[in-house]
1. Can you send over the solvent-accessible area of D15, 1.4 Å probe, protein chains only, in Å² to the nearest 10?
2. Testing the spin-label approximation: label points 7 Å from Cα along Cα→Cβ at I30 and V79. State their distance in nm.
Amino acid sequence: MSESVRQDLPASQADDHIAFRTSAEQILVIRKAAELIGWTVTDYVLSAALDRAERDLYEHAAALEAAAPADPDPTDPYVALLLALT
């Protein structure tokens, strides 16, 4: 499994875990996909979850940045004044 691109995230504890129920069909699909690329089901699911989490975090940060008011250029009034005088 590839490493996360988010190196600033804290390392997980050895005893951290996530558990969830799946239907027989869901686990079969996941198991088959993991086998196709030679990964374990755990590595496959963790990779997919991290990919999605990183994308959601990036999109959220980008939305916050887009919503933040841009700092006005303090030279704009001076440039306008100089252009008006010429």
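1. My reading of the accessible area for D15 is about 120 Å².
2. 5.4 nm
The values are calculated or read from the model by the stated rules, or taken from the named source; none is laboratory data. All of these numbers come straight from a predicted model, not from anything done at the bench. Every residue, glycine as well, gets a Cβ built from its backbone with ideal geometry; the counts of neighbours run over all protein chains shown. Heads up: the accessible areas ignore ligands, DNA and RNA and are worked out on the full protein's heavy atoms, side chains in. Shrake-Rupley method; radii C 1.70, N 1.55, O 1.52, S 1.80 Å.
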